[in-house]
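Report on the structure given below.
All of the numbers you see were taken from the coordinates with simple rules; none came from a lab. All values derive from a computational prediction rather than experimental measurement. In this analysis, Cβ positions are derived from the backbone assuming ideal geometry, glycine residues included, and neighbour counts consider all displayed protein chains.
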Amino acid sequence: MGGWLEERTGLPSALRRWCERPIPGGARWSYSLGAALLALLLVQVTTGIALSLSYSPSADTAHSSVQFIMEEAFLGQFIRSLHYHGTNFTVTFLILTAVRLVIARAYRKPREIQWLVAFALGMLVLATAITGYVLPWDQYGYWGTQVRTSIMGSGPVVGPRLKTFVLGGNELGNLTLTRFYTAHALLLPALFAVLLPVYFRLAARHGVPTPKGGAEPVVPYWPFQAARDNSFALLVLAALFGVALLFPARLGEVADPQVTYPARPEWYFLWLFQTLKYFKGPLEVVGTVVIPHAVAVVVALLPFLDRGESWSGLGRRAVLGILALIVCGWASLSALALWEDLKSGHFAELALWEATPDEGWDVEGCYKQKCAKCHGRDGAGYLDSTPDFTLPEYWKGARSDVRLIKAILKGIPNENIPEDERMPAFEKELTPGQAKAMVVWKLRPFGEASEKE
């Protein structure tokens with residue numbers, strides 16, 4: 001069988017050459033970062049195909065199709081959690097692999113083209129991750145995409161036109177979803193599938209770069225480095241599976257253009273979000289276009305900035321300085337963004353958005369004891385200052401459940417209302433889940449019942 005395949009494809013000899021390729025400096029665990037990244041990409045492709053079997057890329061059906069996957073499809077919740085958390089794992093190991101390659105000077109002659117192909121593959125991974133967040137068509141994906149496309153549209157000359165093309169119009173809608181799905185599931189993976197064999201061909205041609213300590217000892221890839229690659233990849237996959245089981249991916253409320261969600265970009269783009277706070281008005285283009293593209297160009301051109309042979313030469317020191325500046329800037333700006341969100345109560349508000357109704361809680365008993373005195377048995381309200389929940393108009397427009405949950409928990413300290421008529425705070429007595437249950441199972445039905453009549 002081996003001879004038959006060899007004669008017709010040459011695959012056995014190609015696999016033999018790959019396994020026998022020399023590893024200068026001996027097998028190392030740091031080399032296994034790439035193997036873990038490849039394993040994560042395979043998981044993303046596999047789970048993505050599985051999800052696409054039940055996903056419907058339409059603004060009217062996307063959210064419900066994801067809900068069907070999570071609640072009714074076989075292993076749907078677990079597969080979506082794998083895909084969701086797999087994105088964060090993949091980006092993490094992409095960054096770690098890139099840092100290792102820069103430190104190892106894997107961009108130097110004759111590997112310039114290999115580095116540029118690897119850079120393009122990395123950009124495709126990030127683009128695929130970004131285009132996937134809007135697909136569930138929930139509040140997080142919708143408003144997060146609003147933020148990202150607004151950044152895209154701030155670019156000079158082509159920015160507004162590019163934004164209009166990506167959105168399929170001036171606002172997010174059905175065309176936006178179908179275009180993002182096409183890019184996420186078809187276009188970007190196709191480009192990745194074209195470039196990945198090119199990268200492997202160049203990697204096989206040039207081999208592993210000689211480390212700083214020298215080429216000795218030289219060992220074959222199999223079994224020394226292969227054992228480390230497989231063990232490390234399995235360990236990373238085990239961690240991913242554990243995270244997917246312990247922290248299932250959630251699905252937010254269906255996208256609503258009239259209810260603004262406090263969206264933030266993904267953790268690996270928080271630095272850009274923080275940068276935009278310092279460049280406003282005419283200078284916004286510096287934060288949205290100049291700085292990100294300057295960083296990308298510098299990273300892509302590393303092979304042409306460090307051309308010396310010495311490990312301690314000026315070019316080497318300059319590259320390490322650039323790497324340290326990028327990593328420190330990214331980390332510090334991201335940490336500052338998180339710190340400011342923590343101080344501003346952003347995460348507390350997110351907890352309200354993600355609250356689920358407490359099914360075991362006595363909603364009727366609580367309403368009769370704490371709410372009926374002011375809001376009445378039918379929700380119409382006895383006081384001039386209390387809202388009329390029976391009016392269908394009250395539940396229309398830019399009104400979210402979160403606004404009512406915050407009112408229940410935090411109260412409404414309006415000084416224009418007599419003190420004995422003000423909405424008190426119940427955050428010491430009720431949880432966000434109980435407040436959510438009050439809104440969903442008691443207050444909202446008042447308006448629905450009135451509308452039916």
>> Sorted from largest to smallest, which semi-axis lengths in Å does the alpha carbon gyration tensor of the range 19-263 give for its equivalent ellipsoid, taking the root of 5 times each eigenvalue?
In response: 37, 22, 14
> Using modelled backbone amide H atoms (1.01 Å from N, in-plane), which distant-in-sequence or interchain residues come within less than 5 Å of ILE23's amide H?
Replying inline: VAL219, TYR221
> Given H placed 1.01 Å from N in the peptide plane, which residues other than close sequence neighbours of ILE412 have an amide H under 5 Å from its amide H?
Replying inline: MET423
> Where the only charges are on Cβ atoms (+1 Lys, Arg; -1 Asp, Glu), what is the dipole of the chain about its Cα centre, to the nearest 20 debye?
Replying inline: 2440
> For ASN170 and THR46 in one chain, what is 0.36 nm times their gap in residues minus the Cα-Cα distance, to one decimal in nm?
Replying inline: 41.2 nm
> Counting only residues 5 or more places away or on other chains, whose amide H sits under 5 Å from the amide H of ASP138 once H atoms are built in the peptide plane?
Replying inline: ALA255
> Looking at GLY345, MET152, GLY360, which one has the Cα that reaches farthest to the positive end of the dipole of the chain (charges on Cβ: Lys, Arg +1; Asp, Glu -1)?
Replying inline: MET152
> Name the residues of the range 116-134 whose amide N is less than 18 Å from a point 7 angstrom out from the Cα of VAL198 along the C-beta direction?
Replying inline: 116-128
>> Taking 51 Å as R0, compute the FRET efficiency from the Cβ-Cβ separation of ALA239 and ASP384 and round it to 0.05.
In response: 0.30
>> Whole angstrom only: what separates the Cα centroid of the range 169-242 from the Cα centroid of the range 106-132?
In response: 10
>> Please compute the Kirkwood hydrodynamic radius over the chain, one decimal place, Å, based on all pairs of different Cα atoms.
In response: 25.8
>> Output the 0 to 90 degree angle, nearest 10, between the alpha-carbon long axis of helix 226-246 and the longest principal axis computed from the alpha carbons of the chain.
In response: 0
> What are the ³J(HN,Hα) values, in whole Hz, obtained from phi via the Karplus relation 6.51 cos²θ - 1.76 cosθ + 1.60 with θ = phi - 60°, for each residue of the range 281-293 in sequence order, with x given for Gly and Pro?
Replying inline: x, x, 8, 4, 4, 5, x, 8, 10, 5, 5, x, 6
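How charged is the neighbourhood of LEU53? Take every other residue with its Cβ under 15 Å from the Cβ of LEU53, and add Lys/Arg as +1 and Asp/Glu as -1.
0
Run the helix sum for the chain: -39,500 (n - 2.57) per DSSP H stretch of 4+ residues, divided by residue count, reported at 222 nm to the nearest 500 deg cm²/dmol.
-18000 deg cm²/dmol
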> What net charge is computed for the residues neighbouring LEU101, neighbours being all others with C-beta under 11 Å from the C-beta of LEU101, Lys and Arg scored +1, Asp and Glu -1?
Replying inline: +4
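Round to the nearest 0.05 the FRET efficiency obtained for THR61 and LEU5 when R0 = 41 Å and r is the Cβ-Cβ distance.
0.35
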